Amino acid sequence: MRNSTLSLFGGTMLNTPETQGVKYAGSKLKLIPHILSLFDDLEVKTVFDGFSGTTRVSQAFAKSGFKVTSNDISEWSHVFGLCFLKNKKKVSEYKELIEHLNSVKGYDGWFTKNYGGHDFSGSAVQPDGTKKPWQVHNTRRLDGIRDEIDALCLPEIEKAVALTSLILAMDEVDSTLGHFTSYLKDWSSRSYKEMRLKVPKVFENTEENIVLKGDIFDSMKNIAVDFAYFDPPYGSNNEKMPPSRVRYASYYHVWATICKNDKPPVFGAALRREDTSDRLAATVFEEFRKDNDGQFIAVKAIERLIQNVNAKYVALSYSSGGKATAEELNDILNRHGKLIKTIEIDHKKNVMADMKWTNEWLRDAEEPNREFIFLIDKQA
């Protein structure tokens with residue numbers, strides 16, 4: 001079913017599917033070969049990606065021949081899912097649309113007013129003291145192209161392809177650290193380039209993939225698959241850090257606005273969407289507090305995920321420094337199935353994989369910059 005990919009532990013990974021996405025905190029791009037290696041020796045046809053983010057992992061699943069159901073709570077992730085997982089057209093069939101959008105004249109609209117800045121001898125600091133994520137020559141193009149996409153009244157998947165193209169293009173000319181909670185003092189070299197749309201690297205899906213947008217626990221209610229992959233947005237274990245610092249709705253609020261084009265009320269120095277405020281945008285997995293029983297709320301949510309998902313196999317990504325302790329997580333994994341494989345990645349040393357058997361991973365779990373992928377068999 002899959003590409004001719006050798007086992008991670010029997011040789012070098014070959015032909016890992018190419019995927020596309022924006023700069024993203026916690027991106028699993030480099031982990032895709034290791035995630036795919038989990039399927040070795042398993043009988044799997046259907047998979048569920050519960051926190052799809054940029055959809056890179058879902059794209060890899062789909063390109064590997066699995067029927068994919070992806071889910072994420074964010075608007076822009078849903079758009080990426082429609083673009084990459086529902087598409088059945090050739091790249092060439094979108095060229096006329098993208099060429100038309102590139103020809104649209106820009107203007108000083110809502111995006112330019114809020115996110116466009118002028119160049120002051122390399123400085124991105126504006127006369128009012130604010131910093132901006134893009135130069136005005138690109139936000140003007142953004143304003144024009146985004147309004148034209150709505151004016152064209154495109155079918156859902158074509159509109160998703162156009163919006164994905166626009167987001168990818170803006171991601172290539174930004175002046176940020178890869179998110180939209182603070183911006184660089186000096187303009188990045190890429191921000192001087194002219195934003196230009198390209199057809200996303202879509203592929204012709206052969207399966208009837210499903211793309212969902214919503215709370216994970218609501219989305220799981222009607223899911224029945226062979227394999228589920230969870231990469232929840234773990235909160236920091238630093239109780240002095242406000243939860244808004246790790247909330248993905250805050251990090252990528254501009255992408256949501258580009259998708260919706262709703263010109264929402266904004267606040268703060270980064271001009272975040274009002275609906276990404278701490279009061280409105282919290283998720284249970286980013287919660288750093290304990291409940292009345294003295295247990296971390298995020299940890300209990302992880303157990304609820306594994307316990308409730310209707311899947312034969314469950315894979316869970318976990319980073320050291322997250323709220324769950326190694327012992328707690330080990331107990332959860334073993335309560336709801338048999339832990340059959342653990343992959344450990346040491347990001348600091350750039351050691352991309354090591355196999356751990358049974359409970360051997362526990363001794364490394366408190367080390368910094370470690371990431372684990374656990375595979376449990378819920379049938380055992």
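Which one of Ala256, Ala269, Ala228 is small (Gly, Ala, Ser), assigned to a strand (DSSP E or B) and at pLDDT 85 or above?
Just one listed residue meets the conditions, Ala228.
Can Asp143 be described as open to solvent by 10 Å² or more (accessible area, probe 1.4 Å) and touching a residue at least 24 places away in the same chain (Cβ under 8 Å)?
It is false that Asp143 is open to solvent by 10 Å² or more (accessible area, probe 1.4 Å) and touching a residue at least 24 places away in the same chain (Cβ under 8 Å).
In segment 61-96, which residues are open to solvent by 30 Å² or more (accessible area, probe 1.4 Å) and more than 24 Å from His34 (Cα to Cα)?
Passing the criteria: Ile73, Glu75, His78, Lys86, Lys88, Lys89, Lys90, Val91, Ser92, Glu93, Lys95, Glu96.
With Val57, Val79 as the choices, which residue is under 19 Å from Phe285 (Cβ atoms) and assigned to a helix (DSSP H, G or I)?
So the residue among Val57, Val79 that is under 19 Å from Phe285 (Cβ atoms) and assigned to a helix (DSSP H, G or I) is Val57.
Please specify each residue of segment 17-41 satisfying the condition of being open to solvent by 10 Å² or more (accessible area, probe 1.4 Å) and touching an Asp or Glu at 6+ places or on another chain (Cβ under 8 Å).
Once the filter is applied, which keeps residues that are open to solvent by 10 Å² or more (accessible area, probe 1.4 Å) and touching an Asp or Glu at 6+ places or on another chain (Cβ under 8 Å), segment 17-41 yields Lys23, Gly26, Lys28.
Please go through segment 63-93 and pick out each residue that is closer than 17 Å to Val161 by Cα and among the aliphatic types (A, V, I, L, M).
Val79, Leu82, Leu85, Val91
I'd like the residue in segment 199-213 that is touching a strand residue (DSSP E or B) at 6+ places or on another chain (Cβ under 7 Å) and within 19 Å of Ser77 (Cβ to Cβ) and, out of all such residues, is surrounded by the most Cβ atoms within 10 Å (Cβ to Cβ).
Taking the candidates together, the pick is Val211.
Could you grab me the full set of residues in segment 292-323 that are modelled with pLDDT under 85, in a loop (DSSP other than H, G, I, E, B) and closer than 23 Å to Lys28 by Cα?
Ser320, Gly321, Lys323
Could you grab the pairs with beta carbons closer than 8 Å, sequence gap of 6+ or different chains, first residue in segment 20-38 and touching a residue at least 12 places away in the same chain (Cβ under 8 Å) and within 21 Å of Val161 (Cβ to Cβ), second one among the polar types (S, T, N, Q) and open to solvent by 40 Å² or more (accessible area, probe 1.4 Å)?
Filtered contacts from segment 20-38: Gly21/Ser27.
Do we have any residue at all in segment 324-338 that's at pLDDT below 75 and either within 22 Å of the chain's Cα centre (by Cα) or closer than 30 Å to Asp147 by Cα (or both)?
So far as segment 324-338 goes, yes, one or more of its residues are at pLDDT below 75 and either within 22 Å of the chain's Cα centre (by Cα) or closer than 30 Å to Asp147 by Cα (or both).
Please determine, by comparing only the residues of segment 148-186 that are assigned to a loop (DSSP other than H, G, I, E, B) and buried (at least 19 other Cβ atoms within 10 Å of the Cβ), which one is modelled with the lowest pLDDT.
His179
The values are calculated or read from the model by the stated rules, or taken from the named source; none is laboratory data. Not measured: the values here are computed from a predicted model. Please note: Cβ atoms are built from the backbone with ideal geometry, for glycine as well, and neighbour counts cover all protein chains shown. Areas reflect the complete protein model, heavy atoms only, side chains present, ligands, DNA and RNA absent. Shrake-Rupley method; radii C 1.70, N 1.55, O 1.52, S 1.80 Å.
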